[in-house]
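Asker: First, the structure itself, so that you have it in front of you.
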Amino acid sequence: MDFKIAVLKGDGIGPEIVDQAIKVLKAIGTKFNHNFEFTEGITGASAINKVGDPYPEETHQLCMESDAVLFGAIGDPKYDNDPKAKVRPEQGLLRMRKRLGLYANIRPVTTFPSLIHKSPLRRDLVEGADFVVIRELTGGIYFGEKGRSEDLNMAFDNCVYTRPEVERILELGFEYAAKRDKRLTVVDKANVLATSRLWREIAQEMAPKHPEIEVDYMFVDNAAMQIIQWPKKFDVMVTENMFGDILSDEASVITGSLGLLPSASVGIHTSVFEPIHGSYPQAAGKNIANPVATILSAAMLLELSLNLMDEAKAIRDVVEDRRRGN
Ligand code: IPM
Ligand code: MG
């Protein structure tokens with residue numbers, strides 16, 4: 001079959017890790033008789049340098065017309081160290097998420113036997129940990145009204161959620177739990193935040209409609225502790241945008257390396273697949289960055305966007321094999 005894949009390599013190590021994933025996809029194309037057409041678009045700091053915009057309209061159109069988007073990484077120290085910069089690479093990523101309607105970020109966390117010794121946690125705590133973080137991606141504090149007072153001495157970021165936004169992401173949480181071990185942890189800060197109380201209220205309404213799923217509720221500070229202390233107790237975790245950002249980075253520590261975890265952002269239009277790590281500018285061009293997270297993201301792309309299950313499994317099996325040191 002023919003598939004159109006938009007390729008947004010981005011900044012830092014983005015181009016080199018994406019090139020490796022493309023090689024893998026091409027091999028899959030040959031083996032399973034598919035034709036993947038790859039079209040590159042610009043994004044991030046490299047797009048700012050070229051056209052002054054981290055997510056140009058042309059790139060958006062390319063994503064809209066494609067069957068899936070393979071994404072590298074964005075970010076540049078030039079902007080990290082300049083809080084006053086008006087145009088930032090991250091704005092490109094956020095605009096892409098919003099415009100493509102990517103309301104759910106799915107981050108599976110599994111351990112890698114050959115790398116467990118790299119985890120700062122004890123082997124017996126992390127061995128066999130296997131859970132999914134489902135992060136809401138187009139709402140909350142990331143997208144609420146932001147501002148500064150005239151004298152610049154006060155700043156605010158509003159956190160806003162509406163019922164439909166919460167319902168659709170929780171629904172996805174229930175769906176994932178149903179396909180896995182049937183346990184769903186709703187992470188919030190309902191003891192303090194109004195948005196979290198809305199989340200909890202809606203989750204409590206939805207739970208009886210999914211009697212096969214065991215639901216529990218956890219405050220985010222407690223969840224941050226339990227992820228490290230008992231990582232094996234989790235199955236599916238669902239949470240709002242910023243809590244999910246923080247918890248998913250924290251969860252990656254369990255596996256021993258941030259360089260190994262893939263992610264999928266799904267929603268209304270074309271889905272985007274990317275490693276969870278950043279652009280690692282210090283390593284760019286040195287051929288030392290691990291492309292496995294991007295290769296596993298390509299496997300998620302095959303499965304979730306193109307419905308090519310055997311092909312996705314073929315990639316995972318090879319990665320698994322290498323992980324075991326074969
Ligand atoms: C992520 C990243 C982004 C986020 C940044 C680059 C804006 O940390 O995808 O987790 O905060 O969502
Ligand atoms: Mg993050």
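Asker: When averaged across all projection directions, what area in nm² does the alpha-carbon convex hull of the chain cover?
Answerer: Here the figure is 17.6 nm², rounded to one decimal.
Asker: Compute a Gaussian network model of the chain, connecting alpha carbons closer than 10 Å, and tell me which residue from G144, G267, G278 fluctuates the most.
Answerer: Greatest mean-square fluctuation among the candidates belongs to G144.
Asker: Cα gyration tensor of the range 234-276, axes a ≥ b ≥ c as square roots of the eigenvalues: rounded (a/c below 1.5), prolate (a/b > b/c) or oblate?
Answerer: On the way: a/c = 2.16, a/b = 1.35, b/c = 1.60.
Taking the square roots of the gyration eigenvalues as a ≥ b ≥ c, the range 234-276 is oblate.
Asker: Quick one: the Cα spread of the range 65-218 along its three principal axes, in angstroms, biggest first?
Answerer: 53, 42, 39
Asker: Per residue, what volume in Å³ does the Cα convex hull of the range 146-303 take up? Don't skip to the answer; put the middle values down first.
Answerer: Values: hull volume 27.9 nm³, N = 158.
Expressed per residue, the convex hull around the Cα atoms of the range 146-303 is 176 Å³.
Asker: First check a/c for the range 2-54, with a ≥ b ≥ c the square roots of the eigenvalues of its C-alpha gyration tensor; if it is under 1.5, answer rounded, and if not, answer prolate when a/b is larger than b/c or oblate otherwise.
Answerer: The shape class here is oblate.
Asker: Let me ask something else about it. Separation between the K182 and E167 pseudo-spin-labels, each 7 Å from Cα along Cα→Cβ, expressed in nm?
Answerer: 2.6
Asker: Taking the highest mean first, how do the peptides 239-248, 59-68 order by number of other beta carbon atoms within 10 angstrom per residue?
Answerer: Packing proxy ranking, top to bottom: 239-248, 59-68.
Asker: Same structure, new question: Given the Cα-Cα distance of M225 and E212 and 0.36 nm per residue of separation, how much length would full extension add, in nm? Mind showing how you got there, number by number?
Answerer: Details: separation 13, 0.36 × 13 = 4.68 nm, distance 2.71 nm.
Gain on extension, M225 to E212, equals 2.0 nm.
Asker: Around L152, with a cut-off of 14 angstrom between Cβ atoms, what is the net charge of the other residues, counting Lys and Arg +1 and Asp and Glu -1?
Answerer: Values: positive: K84, K146, R148; negative: E150, D151.
Around L152, the charge tally is +1.
Asker: Here's a follow-up. Please compute the length gained on full extension between R95 and N158, using 0.36 nm multiplied by the number of residues separating them and subtracting their Cα-Cα distance.
Answerer: 20.9 nm
Asker: Against the empirical 2.2 N^0.38 Å scaling, what ratio does the C-alpha Rg of the range 133-208 come to?
Answerer: Here the Cα radius of gyration is 1.33 times the empirical estimate.
Asker: Looking only at the range 127-165, which residues have a backbone nitrogen under 13 Å from a spot 7 Å from the Cα of T110 in the C-beta direction?
Answerer: 128-132
Asker: May I ask for log10 I(q)/I(0) of the range 13-116 at q = 0.11, 0.16 Å⁻¹, from a Debye sum over the Cα atoms as equal point scatterers with solvent left out?
Answerer: Summing over Cα pairs of the range 13-116 leads to -0.45, -0.88.
Asker: Something else: When the chain is modelled as a GNM with alpha-carbon springs shorter than 10 Å, which of N153, N307, N81 fluctuates the most?
Answerer: N153
Asker: A further question follows. What residues from the range 265-303 fall in the zone where the backbone N is under 11 Å from a label point 7 Å along the Cα-to-C-beta line of R322?
Answerer: 290-296
Asker: Could you compute the net charge surrounding I246? Neighbours are other residues with a C-beta less than 14 Å from the C-beta of I246; K and R count +1, D and E count -1.
Answerer: -4
Asker: Could I ask something else about it? Helix-derived [θ] at 222 nm for the chain: sum -39500 (n - 2.57) over DSSP H runs of at least 4, divide by residue count, nearest 500?
Answerer: -13000 deg cm²/dmol, from helical runs alone.
Asker: Given R₀ = 35 Å, FRET efficiency for Q20-M242 by Cβ-Cβ distance, to 0.05?
Answerer: Efficiency computed from Cβ-Cβ geometry: 0.70.
Asker: Cα gyration tensor of the range 231-326, axes a ≥ b ≥ c as square roots of the eigenvalues: rounded (a/c below 1.5), prolate (a/b > b/c) or oblate?
Answerer: The shape class here is rounded.
Asker: Same structure again: Please figure out what share of the DSSP beta bridges in the chain is antiparallel and state it in percent, rounded to the nearest 5. List each step's numbers first, then the result.
Answerer: Details: 17 of 45 bridges.
So the antiparallel bridges in the chain amount to around 40 percent.
Asker: Determine the order of R135, R88 by accessible area, beginning with the largest, at a probe radius of 1.4 Å.
Answerer: Largest accessible area first, the residues go R88, R135.
Asker: Say R0 is 56 Å: what FRET efficiency, to the nearest 0.05, do D310 and R197 get from their beta-carbon distance?
Answerer: Between D310 and R197 the formula returns 0.80.
Asker: Another one. Springs between alpha-carbon pairs under 10 angstrom, Gaussian network model over the chain: which of K86, K209, K23 fluctuates most?
Answerer: K86
Asker: What distance in nm separates the simple spin-label points at D2 and K232, each placed 7 Å from Cα in the Cβ direction?
Answerer: 5.1
The values are calculated or read from the model by the stated rules, or taken from the named source; none is laboratory data. Quick caveat, the model's predicted, so the values are computed rather than measured. Ideal geometry is used to build each Cβ from the backbone, glycine not excepted, and the neighbour counts take in all protein chains shown. Side chains included, ligands, DNA and RNA excluded: accessible areas come from the protein's heavy atoms. Shrake-Rupley method; radii C 1.70, N 1.55, O 1.52, S 1.80 Å.
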